[in-house]
Amino acid sequence: MRDLSDLTFRSATAADAQSIRDLLQGSDLPTSDLSAVRPDFVIAEHAGQLIGIGALERFGTAALLRSVAVELQWRGCGIGRLIIAELEQRARAAGIAELILLTLAARDFFAHLGYGSKPREEVPAAVLGSAEFRSLCPASAHCMAKALAPA
């Protein structure tokens, strides 16, 4: 198990754009809407190196949890779980009551973190209008959600 004592989180800056795009592409996650949407990315760093990312795309009191990716050599160390916890904390602080996501391959991972299945017809209209729901993720992607207690 790797030592995560030097793990830090920070908000992404414009200087991180290419590294974010590279990690998402390497993880087979969508990037085509990033310049138009600009989700709020969080960077996980270890010893000054970017090792993971995640983002929130806000729609009123709901947010789309998206683009969680970890560098290959760091997968299996709990980084993804820590990124989700950081995003949840930031969402609560921003007054977001529910996180919604689409996933093709990480259903069990998110279920373990308290996310449950959510019928698409119950997703807020603004979230359904996002590029993730309209075109970036296939209809076969599993929709999940988690209610957040206020901060």
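A compact table of results
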quantity	calculated
Residue selected from segment 81-110 under the condition of a type outside the set (D, E, K, R), surrounded by fewer than 22 Cβ atoms within 10 Å (Cβ to Cβ) and more than 21 Å from residue 28 (Cα to Cα), by the criterion nearest to the chain's Cα centre (by Cα)	85
Single match in 31, 13 (criterion: in contact with a helix residue (DSSP H, G or I) (Cβ under 7 Å, 6 or more places away or on another chain) and not basic (Lys, Arg))	31
Of residues in segment 105-135 being free of Cβ contacts under 8 Å to residues at least 24 places away in the same chain and charged (D, E, K, R), the one nearest to residue 89 (Cα to Cα)	108
Test: residue in segment 65-80 that is under 22 Å from residue 145 (Cα atoms), at pLDDT below 95 and surrounded by fewer than 19 Cβ atoms within 10 Å (Cβ to Cβ)	yes
Where a residue in segment 136-151 is assigned to a strand (DSSP E or B) and of a type in the set (Asp, Glu) and its partner, wherever it lies, is at pLDDT 80 or above and surrounded by 10 or more Cβ atoms within 10 Å (Cβ to Cβ), with Cβ under 7 Å and at least six apart	none
In segment 37-57, residue surrounded by the most Cβ atoms within 10 Å (Cβ to Cβ) [restricted to those that are out of contact with any strand residue (DSSP E or B) (no Cβ under 7 Å at 6 or more places or on another chain) and not hydrophobic (A, V, I, L, M, F, W, C)]	38
Of all residues in segment 119-151 being under 21 Å from residue 61 (Cα atoms), over 17 Å from the mean Cα position of the chain (by Cα) and not hydrophobic (A, V, I, L, M, F, W, C), the one that is modelled with the lowest pLDDT	150
Test: residue 88 is in contact (Cβ under 8 Å) with a residue 12 or more places away in the chain and touching a Lys or Arg at 6+ places or on another chain (Cβ under 7 Å)	no
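The values are calculated or read from the model by the stated rules, or taken from the named source; none is laboratory data. These numbers come from a predicted model, not from an experiment. Glycine gets a Cβ as well: all are built from the backbone with ideal geometry, and neighbour counts include every protein chain shown.
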